[in-house]
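Below is one structure, written out as structure tokens, with a few remarks after it.
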Amino acid sequence: MVDNLVNCSVLVFLLLTGLPVFAAQKDTFTVARVIDGDTCVLENEERVRYLGINAPEQEDPYFREATQANSDLVAGKAVRLEPQDPSRDTQGRLLAYVFVNDLFVNEELIRQGYAHVQRPLRAEYRDRLLTAQKAAWQEALGIWARAAGRNVAIAEIHPDAEGKDRENLCDEYIVIENREDAPLDLTGWTVSDEANHRYLFPSFVLEAKAAVTLRTGVGRNTESEVFWGSRGPIWNNDGDTIFMRDSEGQLALSLIY
């Protein structure tokens with residue numbers, strides 16, 4: 001009885017918001033065309049946005065390659081969606097994990113280096129997707145091509161400042177470590193989060209085997225500390241994703257916590 005009431009509430013919400021209702025009357029759907037590296041259109045003109053991954057946008061490096069990889073995997077093929085009654089994003093697209101027979105398309109795109117992991121993740125697929133991303137990074141595939149030879153890592157994450165976050169922004173920080181035997185020029189590199197808050201490194205060289213703390217608040221930069229200069233918190237206490245890109249916009253790392 002409760003499930004029926006919930007389903008009715010969801011239906012009423014969709015009708016009131018003008019979003020179309022997806023009626024899964026069969027197990028598989030044929031993909032009519034591919035839009036980009038993480039979106040396809042089904043035979044019934046429903047658009048599907050792949051859950052748990054994010055592929056390059058049109059202005060990003062590897063957009064064409066990611067789109068072609070997605071097309072090779074799903075175009076003209078029968079796909080199965082999980083969950084069977086997917087929710088929708090603000091653009092009305094179905095949000096789903098996509099399978100062609102036993103092939104997990106979301107995972108395969110990450111494994112080929114044409115997408116990175118994106119929250120939220122269902123628990124049963126989290127480890128698979130993160131393992132696929134680690135393998136692509138280690139092999140410097142696709143979007144990770146420029147990451148080869150740059151052993152930069154997030155050594156520590158401290159998103160929950162003591163007391164009220166907004167009143168203690170310098171106690172919200174991440175620690176970036178250069179694990180190479182040579183200095184790493186971080187000038188022009190960026191650090192960002194899921195909400196696309198972005199920090200741009202000034203002229204800065206991270207010495208070999210050294211670390212730098214990026215603090216959210218305001219302060220004076222030194223060889224071991226730099227300051228975002230934000231007036232509000234950046235990192236979500238309940239989980240977020242840290243992205244680092246080099247001066248040419250190439251992804252150097254992506255870390256979910």
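No lab work stands behind these numbers, since they all come straight from the coordinates. What you are looking at is a predicted structure, and each value in this text was computed from that prediction instead of being measured. Because the Cβ atoms are built from the backbone with ideal geometry, glycine has one as well, and the counts that use them run over all protein chains shown.
Step by step: first the residues of segment 219-257, then only those that are part of a loop (DSSP other than H, G, I, E, B) and among the acidic types (Asp, Glu), then the one that is farthest from the chain's Cα centre (by Cα). Which residue is that? I'd like the intermediate steps shown before the answer.
If we filter segment 219-257 for residues that are part of a loop (DSSP other than H, G, I, E, B), which is where we start, we get 219-224, 228-240, 246-250, 257.
After this cut, where a residue has to be among the acidic types (Asp, Glu) as well, the list is 223, 238, 240, 246, 248.
Values: Glu223: 30, Asp238: 16, Asp240: 10, Asp246: 17, Glu248: 19 Å.
Step by step, filter segment 219-257, then rank; the result is Glu223.
Looking across segment 71-90 at every residue that is without any contact (Cβ under 8 Å) to a residue 40 or more places away in the chain and assigned to a loop (DSSP other than H, G, I, E, B), the one that is surrounded by the fewest Cβ atoms within 10 Å (Cβ to Cβ) is identified as Thr90. Restricted to segment 107-125, and to residues that are of a type outside the set (A, V, I, L, M, F, W, C) and touching a residue at least 60 places away in the same chain (Cβ under 8 Å), which residue is surrounded by the most Cβ atoms within 10 Å (Cβ to Cβ)? Out of the qualifying residues, it is Tyr114.
Under the condition of being surrounded by fewer than 19 Cβ atoms within 10 Å (Cβ to Cβ) and touching a Lys or Arg at 6+ places or on another chain (Cβ under 8 Å), which residue from segment 219-239 is farthest from Thr131 (Cα to Cα)? First the steps, then the outcome.
At the first step, the residues of segment 219-239 found to be surrounded by fewer than 19 Cβ atoms within 10 Å (Cβ to Cβ) are 219-225, 229-232, 236-239.
Still in the list and also touching a Lys or Arg at 6+ places or on another chain (Cβ under 8 Å): 225, 232, 239.
Numbers: Glu225: 31, Gly232: 33, Gly239: 19 Å.
Filtering segment 219-239 for residues that are surrounded by fewer than 19 Cβ atoms within 10 Å (Cβ to Cβ) and touching a Lys or Arg at 6+ places or on another chain (Cβ under 8 Å), the one farthest from Thr131 (Cα to Cα) comes out as Gly232.
Filtering segment 167-194 to residues that are loosely packed, with under 14 Cβ neighbours inside 10 Å and assigned to a helix (DSSP H, G or I) leaves only Glu167.
Taking the conditions exactly as written (surrounded by fewer than 21 Cβ atoms within 10 Å (Cβ to Cβ) and under 16 Å from Ala32 (Cβ atoms)), does Asp60 satisfy them or not? Judged against the criteria, Asp60 is not a match.
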